[in-house]
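Novice: Once you've had a glance at the structure underneath, I'll fire off some questions.
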Amino acid sequence: KASLTAAMILMSFPTFLTGCIPPFEVIGWWAPIVLLCLRILQGLSTGGENSSGCIYIYETAPRNRRAFWLSVFAICSSG
């Protein structure tokens with residue numbers, strides 16, 4: 001549960017900061033560089049969120065419905 005929380009926090013900060021990046025006209029080439037770094041952080045946290053979410057569902061789902069809920073998770077996360 002702690003790793004899932006950390007992954008979600010790590011994903012939400014770059015998402016918020018993406019909206020705070022000044023435009024290219026203000027900071028020049030730093031804007032796309034900062035955006036690229038934030039997107040990399042988002043991608044790394046998505047990997048942690050996916051595996052942590054799967055483990056969390058497996059541990060909390062009823063024993064006779066684990067396969068069902070894991071398949072729902074897989075369908076939802078495949079986008």
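The values are calculated or read from the model by the stated rules, or taken from the named source; none is laboratory data. Owing to the predicted nature of the structure, the values given are computational and were not obtained by experimental measurement. Using ideal geometry, Cβ is built from the backbone for each residue, glycine included, and neighbour counts are taken over all protein chains shown. These area figures cover heavy atoms from the full protein model, side chains too; ligands, DNA and RNA do not enter into them. Shrake-Rupley method; radii C 1.70, N 1.55, O 1.52, S 1.80 Å.
Novice: Taking only protein heavy atoms into account and a 1.4 Å probe, give the accessible area per residue of segment 11-79 in Å².
Specialist: Ligands and nucleic acids excluded, the figure is 75 Å² per residue.
Novice: Grab the beta carbon distance between Trp29 and Asn50, set R0 = 30 Å, and tell me the FRET efficiency rounded to 0.05.
Specialist: Working from the Cβ atoms, E equals 0.40.
Novice: Let me ask you something else. What is the magnitude of the charge dipole of the chain about its Cα centre, with +1 placed on the Cβ of each Lys and Arg, -1 on the Cβ of each Asp and Glu, and no other charges, expressed in debye to the nearest 20?
Specialist: 400 debye
Novice: Also: Can you give me the % of accessible surface on the chain that is carbon or sulfur? Probe 1.4 Å, all protein chains present, nothing else counted.
Specialist: 72 percent
Novice: For the chain, what's the radius of gyration and Dmax over Cα atoms, in angstrom?
Specialist: 16.8, 57
Novice: Ile40 versus Ala6, label points 7 Å from Cα toward the beta carbon: distance in nm?
Specialist: 2.0 nm
Novice: Would you mind calculating the gained length between Ile57 and Thr18 on full extension (0.36 nm times residue separation, minus the Cα-Cα distance), in nm to one decimal?
Specialist: Extra length available between Ile57 and Thr18 comes to 11.1 nm.
Novice: Sticking with this structure for a sec: Among Thr60, Thr46, Thr18, determine the one that fluctuates most according to a GNM of the chain built with springs between C-alpha atoms less than 10 Å apart.
Specialist: Thr60
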